[in-house]
1. Output the residues belonging to the range 1-19 that are assigned to a helix (DSSP H, G or I) and more than 22 Å from Phe92 (Cβ to Cβ).
2. Would you confirm whether or not the range 20-29 contains a residue that is aromatic (Phe, Trp, Tyr), under 18 Å from Thr111 (Cβ atoms) and surrounded by fewer than 19 Cβ atoms within 10 Å (Cβ to Cβ)?
3. Could you grab me the full set of residues in the range 8-19 that are loosely packed, with under 13 Cβ neighbours inside 10 Å and either modelled with pLDDT under 90 or within 24 Å of Gly115 (Cβ to Cβ) (or both)?
4. Among the residues of the range 71-108, write down those that are at pLDDT below 95, surrounded by 21 or more Cβ atoms within 10 Å (Cβ to Cβ) and within 14 Å of Cys124 (Cβ to Cβ).
5. Restricting to the range 9-60, name every residue that is farther than 29 Å from Thr84 by Cα and charged (D, E, K, R).
6. Select the helices (runs of 4 or more DSSP H) contained entirely in the range 20-132, then report the ones holding at least 1 residues which are among the β-branched types (Val, Ile, Thr) and within 17 Å of Ile4 (Cβ to Cβ).
7. Just to be sure I understand the filter: pairs with C-beta atoms under 6 Å, separated by 6 or more residues or on different chains, first member in the range 1-22 and within 20 Å of Val101 (Cβ to Cβ) and touching a residue at least 24 places away in the same chain (Cβ under 8 Å), second member surrounded by 14 or more Cβ atoms within 10 Å (Cβ to Cβ) and of a type in the set (A, V, I, L, M). Which pairs pass?
8. Quick one: would you say Thr40 is in contact (Cβ under 8 Å) with a residue 60 or more places away in the chain and either among the hydroxyl-bearing types (Ser, Thr, Tyr) or buried (at least 22 other Cβ atoms within 10 Å of the Cβ) (or both)?
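The values are calculated or read from the model by the stated rules, or taken from the named source; none is laboratory data. Computed from a predicted structure; not experimentally measured. Every residue, glycine as well, gets a Cβ built from its backbone with ideal geometry; the counts of neighbours run over all protein chains shown.
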Amino acid sequence: MTNIHPRWIAIAALLGALAVVVGAFGAHGLQTRFATLATTGFDPREIFDLASRYHAIHALALLFASIRFGGASSEWWTNAARWTFLIGIAVFSGSLYAMAVTGVKWLGAITPIGGVSLIVGWSCLAVAGWKANDSPSLS
């Protein structure tokens, strides 16, 4: 049995598009800002690129988590994966984007919270896969 969650697919697709838009904005629209901040010994371009890369990767992970295979036993886990990926993108990439653009380095202190959320998302997805594998509804 395959369940598709259209709203989550739409959210994942929008986050994917946003990753491209933000990445392009960082590459073209923020060159002057990044050059200014780079004079302080701070490499905002590298931080912004990391945020953009993780944003795009986890938009795809969210898309994948929007398709659930198996029975009801894996539903809770796929839902948890979707939410933790969404939170992780917002906190991990969001804090890095903000730090790269503003130069406010203390924002990096909350980045690991987003990273943990992304790790939890992958872990929940693994459990969902395990539970779906055990489900008798697969044929």
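1. Step one: filter the range 1-19 for residues assigned to a helix (DSSP H, G or I), giving 6-19.
Selection gives Pro6, Arg7.
2. no
3. Scanning the range 8-19 gives Leu14, Ala17.
4. Ser74, Trp77, Thr78, Ala81, Arg82
5. Arg33
6. Per the criteria, 75-88.
7. Every condition considered, the pairs that remain are Leu15/Ala59; Ala19/Ala56; Ala19/Ala59.
8. Against the criterion (in contact (Cβ under 8 Å) with a residue 60 or more places away in the chain and either among the hydroxyl-bearing types (Ser, Thr, Tyr) or buried (at least 22 other Cβ atoms within 10 Å of the Cβ) (or both)), Thr40 qualifies.
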